[in-house]
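K.L.:
First the structure, then my questions, so here it is.
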Amino acid sequence: MNFYKNKSSKVKIIKTTLLITILLIAFIIVSAISYVSAVSENIANSVFRLHVIANSDSEEDQNLKFIVRDNLIEYMNSLTSGISSKQAAIEIAKEHKQDFYNIAKKTIEDNGYDYDVNIEIGNSYFPTKYYGDISFPAGYYDALKVEIGKASGQNWWCVMFPPLCFVDMSTGIVPEESKETIKDNLPEEEYALISDTHNNSINFKFKLIEFFYKK
């Protein structure tokens, strides 16, 4: 009789342990998802990006993409000098949307092509991108999207606000002024997440966001 009682007790203990383990795993997953969602939203709410898509992957179309990109960034920088918030940058971009179209279209024509251009300001997916010593995890960001011609070529991404499009990748260093702008627009946790690449705990959190948002 004792044998069956002991066996029954062991089964109950195993079932209870298994249930607790499942609940603990579920809690960890829910907590991770909540953390990733909150942090990603805070980061996305602080930056305005540029997304340029070439007509095709031919060398000529890719080179044209970069020329269009440079002219648009130069114009955007002339408009946003002194701007201290993402929303202000978006409002300026909306007000000058037709100007962006005209600049892109003229650039294309000046380089001997007749492609049309589609300009949109909206929310779209971005992969993980590195700008010098600042990293932005994959996720959905507000952006100025520029589609050249058939828009079937490779994408090019950068951050228009804060201005990181002209970061010198060869040095791997973002200007302190740009860092201060990012820092002023992000909570401390989120700023550490994108800037502190030498902290193992921060790196783990960054990888966690990548895991949930990677396509």
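The values are calculated or read from the model by the stated rules, or taken from the named source; none is laboratory data. This one's a predicted model, so the numbers in the text were calculated from it and none came from an experiment. Reconstructed Cβ throughout: ideal geometry from the backbone, glycine too, with neighbour counts over all protein chains shown.
K.L.:
From Val11, Val52, Val36, which residue is closer than 30 Å to Ile67 by Cβ and either modelled with pLDDT of 75 or more or surrounded by 10 or more Cβ atoms within 10 Å (Cβ to Cβ) (or both)?
P.N.:
Val52
K.L.:
Next up: I'd like to check something: does segment 104-111 contain any residue that is of a type in the set (Asp, Glu) and either exposed (fewer than 14 other Cβ atoms within 10 Å of the Cβ) or in contact with a Leu (Cβ under 9 Å, 6 or more places away or on another chain) (or both)?
P.N.:
Yes: one or more hits.
K.L.:
Out of segment 50-71, which residues are under 10 Å from Val146 (Cβ atoms) and either of a type in the set (Asp, Glu) or touching a Ser or Thr at 6+ places or on another chain (Cβ under 7 Å) (or both)?
P.N.:
Selection gives His51, Val68.
K.L.:
Just give me the residues in segment 118-160 being on the phi > 0 side of the Ramachandran plot, outside any loop (DSSP other than H, G, I, E, B) and more than 13 Å from the chain's Cα centre (by Cα), in sequence order.
P.N.:
none
K.L.:
Residues in segment 79-87: is at least one surrounded by 15 or more Cβ atoms within 10 Å (Cβ to Cβ), assigned to a helix (DSSP H, G or I), out of contact with any helix residue (DSSP H, G or I) (no Cβ under 6 Å at 6 or more places or on another chain) and among the basic types (Lys, Arg)?
P.N.:
Looking for residues that are surrounded by 15 or more Cβ atoms within 10 Å (Cβ to Cβ), assigned to a helix (DSSP H, G or I), out of contact with any helix residue (DSSP H, G or I) (no Cβ under 6 Å at 6 or more places or on another chain) and among the basic types (Lys, Arg), one finds at least one in segment 79-87, hence yes.
K.L.:
Mind counting the residues in segment 41-75 that are of a type in the set (Gly, Ala, Ser) and either under 24 Å from Glu91 (Cβ atoms) or part of a helix (DSSP H, G or I) (or both)?
P.N.:
2
K.L.:
Shifting gears a bit: Would you mind stating whether Asp133 is touching a residue at least 40 places away in the same chain (Cβ under 8 Å), loosely packed, with under 13 Cβ neighbours inside 10 Å and farther than 15 Å from Val52 by Cα?
P.N.:
Criteria not met by Asp133.
K.L.:
Scanning for something assigned to a helix (DSSP H, G or I), in contact with an Asp or Glu (Cβ under 8 Å, 6 or more places away or on another chain) and at pLDDT 75 or above, does segment 177-187 turn up at least one residue?
P.N.:
no
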